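The next block holds one structure in the form of structure tokens; read it before the comments.
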Amino acid sequence: MNLHNITEQPVFGLTLSVVSYTVALYLSRRWSWLHPLFVCSGLIVLFLFVSGIPYEAYRNGGEILVLLLGPATVALGIPLYKNARRISNSLLSILGGMTVGSISALLLSAVFVWALGGSKELMVTMMPKSVTSPIALEISRQAGGIPELTAVLTVLTGLIGSMFGPGLLRLCGVRDDISIGTAIGTASHGIGTARIIRDSELQGSVGSFAMGAAAIVTSFLFIPLYIWLH
């Protein structure tokens, strides 16, 4: 079996992902400021670029991991259930912050693309970047965007939010667990939520709720936006 046949097998993309993430975890333990998902993504991109292996070959196995996003996201419901009472006590505040955040994410993305002279296709592609990947991809696909680019933008949004979001909120004087969870869950979906749950289970619980609610709200908000853009 030659190299081409090996890279065309789904096990290639899966193995590359697992090995890259293992290396990223090791590096993040030595240098805590390194985000493992950011390093993992960088290693995969670097390997494919240097080796000349097309992305399509990696995607054959990488899509297997995409299927696991669903169960991984559902797993965030465990801390959500454990902190359901505390969340219900602040439900209106969480929903209010999440709704404002979702609307802001959509509008700011649209204005950013419009200001730079981007097309409507690019605008639709970028607008759902703050919601969880499966929802963002489907919104982009149904609205006539580019799902592959939406996936990249969604992951980058989550990575940036998880790396800099908590620190930026603290810098702005935001230290309440409910507020942090709402902000990160709304803006940085599962990647950001997975980051803050290491600091506080309550933050992660609120982030999980905000992430799910933001996906629903964004889906409904996209209906009039889609009609307007088309």
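The values are calculated or read from the model by the stated rules, or taken from the named source; none is laboratory data. On a predicted model such as this, the values are computed, not experimentally measured, just so you know. We place every Cβ from the backbone using ideal geometry, glycine too, and count neighbours over all the protein chains shown. All accessible areas refer to the heavy atoms of the entire protein, side chains included, with ligands and DNA or RNA removed. Shrake-Rupley method; radii C 1.70, N 1.55, O 1.52, S 1.80 Å.
Within region 5-22, the residues that satisfy the criterion of being closer than 30 Å to residue 166 by Cα and either exposed (fewer than 14 other Cβ atoms within 10 Å of the Cβ) or touching a strand residue (DSSP E or B) at 6+ places or on another chain (Cβ under 8 Å) (or both) are 18, 22.
Are any residues in region 23-50 open to solvent by 80 Å² or more (accessible area, probe 1.4 Å) and under 23 Å from residue 198 (Cα atoms), and if so, which ones?
Residues satisfying the conditions are 26, 29, 30, 31, 32, 33, 38.
Residue 214 meets each of the listed conditions (1) surrounded by fewer than 17 Cβ atoms within 10 Å (Cβ to Cβ); (2) at pLDDT 90 or above apart from (1).
For region 152-204, the set of residues classified as of a type in the set (Lys, Arg) and crowded, with 16+ Cβ neighbours inside 10 Å consists of 195 only. All told, residue 109 falls short of being of a type outside the set (Lys, Arg), surrounded by 19 or more Cβ atoms within 10 Å (Cβ to Cβ) and touching a residue at least 24 places away in the same chain (Cβ under 8 Å). Is it the case, given these coordinates, that residue 86 is farther than 21 Å from residue 194 by Cα and surrounded by 13 or more Cβ atoms within 10 Å (Cβ to Cβ)? Considered against the rule, which asks whether it is farther than 21 Å from residue 194 by Cα and surrounded by 13 or more Cβ atoms within 10 Å (Cβ to Cβ), residue 86 comes out as no.
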